[in-house]
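The values are calculated or read from the model by the stated rules, or taken from the named source; none is laboratory data. Since the model is a prediction, treat every value here as computed from it, not as a measurement. FYI the Cβ positions are ideal-geometry reconstructions off the backbone, even for glycines, and counts take in every protein chain you see.
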Amino acid sequence: MRIKGQADIDIYITDTGYICLKQKDELDGERLIEFAPAYGQKVAGAIASLQEFAQAKFEKAELAEVE
(Lines give C-alpha, C1' and ligand atoms only; values in the text may rest on other atoms or scores of the structure.)
Protein backbone atom coordinates (compact mmCIF):
# COMPACT_ATOMS: atom_id res chain seq x y z
CA MET A 1 0.00 0.00 0.00
CA ARG A 2 1.25 3.51 -0.73
CA ILE A 3 0.33 6.71 1.05
CA LYS A 4 -1.50 9.01 -1.35
CA GLY A 5 0.85 11.83 -2.30
CA GLN A 6 3.90 10.01 -0.90
CA ALA A 7 5.04 7.67 -3.64
CA ASP A 8 8.31 6.99 -1.79
CA ILE A 9 6.62 5.37 1.24
CA ASP A 10 5.43 1.76 1.24
CA ILE A 11 3.36 0.21 4.03
CA TYR A 12 3.17 -3.56 4.14
CA ILE A 13 2.91 -6.58 6.42
CA THR A 14 5.80 -9.01 6.66
CA ASP A 15 5.43 -12.78 6.43
CA THR A 16 5.77 -12.87 10.23
CA GLY A 17 2.95 -10.34 10.73
CA TYR A 18 4.88 -7.16 11.50
CA ILE A 19 3.72 -3.82 10.11
CA CYS A 20 6.44 -2.10 8.10
CA LEU A 21 6.91 1.42 6.80
CA LYS A 22 9.63 1.70 4.18
CA GLN A 23 10.83 4.95 2.66
CA LYS A 24 13.34 5.30 -0.16
CA ASP A 25 15.45 8.43 -0.22
CA GLU A 26 18.01 9.30 -2.90
CA LEU A 27 20.47 10.67 -0.34
CA ASP A 28 20.06 8.34 2.64
CA GLY A 29 18.88 5.21 0.86
CA GLU A 30 16.20 3.03 2.43
CA ARG A 31 14.69 3.52 5.89
CA LEU A 32 12.61 0.82 7.53
CA ILE A 33 10.37 0.95 10.59
CA GLU A 34 8.94 -2.36 11.73
CA PHE A 35 6.56 -2.89 14.67
CA ALA A 36 4.30 -5.57 16.06
CA PRO A 37 0.57 -5.37 15.29
CA ALA A 38 -0.21 -4.84 18.99
CA TYR A 39 1.49 -1.44 18.75
CA GLY A 40 -0.39 -0.31 15.63
CA GLN A 41 -2.94 1.78 17.53
CA LYS A 42 -0.24 3.30 19.75
CA VAL A 43 1.87 4.29 16.73
CA ALA A 44 -1.16 5.72 14.90
CA GLY A 45 -2.22 7.63 18.02
CA ALA A 46 1.27 9.05 18.52
CA ILE A 47 1.44 10.19 14.89
CA ALA A 48 -2.02 11.76 15.12
CA SER A 49 -1.14 13.65 18.31
CA LEU A 50 2.09 14.98 16.78
CA GLN A 51 0.61 15.89 13.41
CA GLU A 52 -0.33 19.52 14.18
CA PHE A 53 3.03 20.26 15.82
CA ALA A 54 4.93 18.59 12.98
CA GLN A 55 2.98 20.51 10.32
CA ALA A 56 3.76 23.85 12.00
CA LYS A 57 7.45 22.96 12.22
CA PHE A 58 7.46 21.79 8.58
CA GLU A 59 5.89 25.06 7.39
CA LYS A 60 8.38 27.08 9.44
CA ALA A 61 11.28 25.18 7.87
CA GLU A 62 9.87 25.77 4.37
CA LEU A 63 9.68 29.51 5.05
CA ALA A 64 13.29 29.55 6.22
CA GLU A 65 14.39 27.82 3.00
CA VAL A 66 12.57 30.43 0.85
CA GLU A 67 14.15 33.40 2.63
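I'd like to know if region 42-65 contains one or more residues that are of a type in the set (A, V, I, L, M, F, W, C), in a loop (DSSP other than H, G, I, E, B) and either modelled with pLDDT of 90 or more or not assigned by TED's automatic domain parsing to the domain that holds M1 (or both).
No, region 42-65 contains no residue that is of a type in the set (A, V, I, L, M, F, W, C), in a loop (DSSP other than H, G, I, E, B) and either modelled with pLDDT of 90 or more or not assigned by TED's automatic domain parsing to the domain that holds M1 (or both).
Can you pull out every residue in region 33-53 that is closer than 18 Å to I9 by Cβ and either surrounded by 10 or more Cβ atoms within 10 Å (Cβ to Cβ) or of a type in the set (V, I, T) (or both)?
I33, E34, F35, G40, V43, A44, A46, I47, L50, Q51
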